[in-house]
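To start, the structure itself, in structure tokens.
The values are calculated or read from the model by the stated rules, or taken from the named source; none is laboratory data. A quick note: this is a predicted structure, and the numbers were derived from the prediction, not measured. Note: ideal-geometry Cβ built from the backbone for every residue, glycine included; neighbour counts use all protein chains shown.
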């Protein structure tokens, strides 16, 4: 039995090497591009808006060995530990949604594709014929014969960086995907179906400077913790409750000489939303310009990415921002736009907080769609 | 092979697969003779520079190693540096949660004797929308 377990461990540790990796990017070939010609763009309406990322503690594995009691203890500890970070991230995403509602984000992305449609219609096999939007909550079906644009917006754990990631795909059974890669034996099933074209574009905003902890900043931090601890009626948590324990833990952390990422996020989030979200709006528009321009470029490019090549510097902007085409790994062929001088490390946690107003909007969309589905 | 020897072998192999390659060898090339997981890696770029990548378990040495390798590649005569990536990706467990991963720094370095990227678009940037 023991050998069986160890063998399984060995097998699992080596399993990743057994499957041949395939690039996520799917380029078009010349015949496919010619068959596509002028093609509509469909922007998938984003519903999450700018989400705030944070790191949720999960100790369930540690407690699993101690049965039900262990599970209950770790679940309670996690609830206390995650309570404040979750509330804090929710507050940031709520504040951001006030200045940057999701409808405005979606309109901005569609507008950049419209501008690209007008500006770059010559010399390319594939051009954009029209730009539409689709709400996937109500029409989740795959879109045929249109370039689908699906964007995701997230603030880093310390709110120093906005990252916009967009997946572009084109699906058309009449122009099927033909894998350009050579496999030993039969191609994996994943290479036999799916979109004819697919790629990912990532935009990393400029990095906001991390605030230095001063006595004044510490006082503001403590005030913020007290403010966040209040319930819906404005009451402070009662001693002995989990909410009180969570607040106490946060206050203890605030007294030390280091700012956690969550604490930094409290202050940097305000930089994004001041002046009615001017900075956020500018970065989102920059991201959309980059994505619209490079989507057209890449759709008209037939080069097959390599898993073991090198990154290519495609563009250097006057402010030092670079656009690179990744040259190795499964994300090979994807495009990344990055600011010039990055000095601090960015993390995106393992959890996203979506603004309450956006959650309500999604519920309303689903509710509105329900009667029409029933009536069919 | 005895059962004990087989078990010991399997345990050693499992250990190698699970964590044997994570030993910190200090300032070394990733891979290299030590098969190092942590360290630096650099490749020449098409425009005459170098891409330098560093993976470290701590942020301070990650930045310091990047700088050190940049200086080495240029013999101390660096013309331009662009650190475009400094991330600490979250490592997700298979079925639950995750943990902060290693520190990754990546950027380009151009030496005084090498061509540096122009301030404007270089390789094949598409036209900007007006």
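Here is a yes/no grid of residues against (1) within 19 Å of residue B:111 (Cα to Cα); (2) surrounded by 17 or more Cβ atoms within 10 Å (Cβ to Cβ); (3) more than 11 Å from every other protein chain (Cβ to nearest Cβ); (4) at pLDDT 95 or above:
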residue: B:15; (1), (2), (3), (4): no, no, no, no
residue: B:23; (1), (2), (3), (4): no, no, yes, no
residue: B:37; (1), (2), (3), (4): no, yes, yes, no
residue: B:48; (1), (2), (3), (4): yes, no, no, no
Practice item. Would you confirm whether any residue within segment A:269-292 is at pLDDT 95 or above and at the interface with another protein chain (Cβ under 9 Å from one of its Cβ atoms)? Key: yes
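In the list A:33, A:51, which residue meets the criterion of being within 30 Å of residue A:186 (Cα to Cα) and touching a helix residue (DSSP H, G or I) at 6+ places or on another chain (Cβ under 8 Å)?
Details: A:51 fails: within 30 Å of residue A:186 (Cα to Cα).
The conditions single out A:33.
Say whether the condition of being within 12 Å of another protein chain (Cβ to nearest Cβ), buried (at least 18 other Cβ atoms within 10 Å of the Cβ) and touching a strand residue (DSSP E or B) at 6+ places or on another chain (Cβ under 7 Å) is met by at least one residue in segment A:99-113. Show your work before the answer.
The initial filter retains those residues of segment A:99-113 that are within 12 Å of another protein chain (Cβ to nearest Cβ), namely A:111-113.
With buried (at least 18 other Cβ atoms within 10 Å of the Cβ) added as a condition, the list becomes A:112-113.
From what is left, the residues that are touching a strand residue (DSSP E or B) at 6+ places or on another chain (Cβ under 7 Å) are A:113.
Yes, segment A:99-113 contains at least one residue that is within 12 Å of another protein chain (Cβ to nearest Cβ), buried (at least 18 other Cβ atoms within 10 Å of the Cβ) and touching a strand residue (DSSP E or B) at 6+ places or on another chain (Cβ under 7 Å).
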Scanning segment A:226-244 for residues that are within 22 Å of residue A:57 (Cβ to Cβ) and either in a loop (DSSP other than H, G, I, E, B) or at pLDDT 85 or above (or both) gives A:237, A:240, A:241, A:244
Taking segment B:82-113 and the residues there that are surrounded by 14 or more Cβ atoms within 10 Å (Cβ to Cβ), modelled with pLDDT of 80 or more and not in a strand (DSSP E or B), the one that is nearest to the chain's Cα centre (by Cα) would be B:102
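Any idea how many residues of segment A:133-171 are assigned to a strand (DSSP E or B) and closer than 19 Å to residue A:354 by Cα? Talk me through it step by step, then tell me what you get.
Quick first cut of segment A:133-171, residues assigned to a strand (DSSP E or B) only: A:133-134, A:147-155, A:162-170.
Then keep just the ones that are closer than 19 Å to residue A:354 by Cα; that gives A:150-155, A:162-166.
Number satisfying all stated conditions: 11.
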Here the qualifying pairs (Cβ atoms under 8 Å; residues six or more apart or on different chains; first in segment B:83-103 and under 11 Å from residue A:347 (Cβ atoms) and at the interface with chain A (Cβ under 7 Å from one of its Cβ atoms); second loosely packed, with under 14 Cβ neighbours inside 10 Å and modelled with pLDDT of 85 or more) come out as B:103/B:57; B:103/B:58
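Per-residue answers, yes or no, for (1) under 28 Å from residue A:92 (Cβ atoms); (2) within 14 Å of chain B (Cβ to nearest Cβ); (3) at pLDDT 95 or above; (4) part of a loop (DSSP other than H, G, I, E, B):
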site: A:314; (1), (2), (3), (4): no, yes, no, no
site: A:319; (1), (2), (3), (4): yes, yes, no, yes
site: A:366; (1), (2), (3), (4): yes, no, no, no
site: A:371; (1), (2), (3), (4): no, no, no, no
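Looking at segment A:322-329, can you tell me whether even one residue there is part of a loop (DSSP other than H, G, I, E, B), more than 12 Å from chain B (Cβ to nearest Cβ) and farther than 21 Å from residue A:109 by Cα? So that I can check it myself, show each step before the final result.
Initial filter on segment A:322-329 (part of a loop (DSSP other than H, G, I, E, B)): A:326-327, A:329.
Going one step further and asking which of them are more than 12 Å from chain B (Cβ to nearest Cβ), we end up with none.
For segment A:322-329, residues part of a loop (DSSP other than H, G, I, E, B), more than 12 Å from chain B (Cβ to nearest Cβ) and farther than 21 Å from residue A:109 by Cα: absent.
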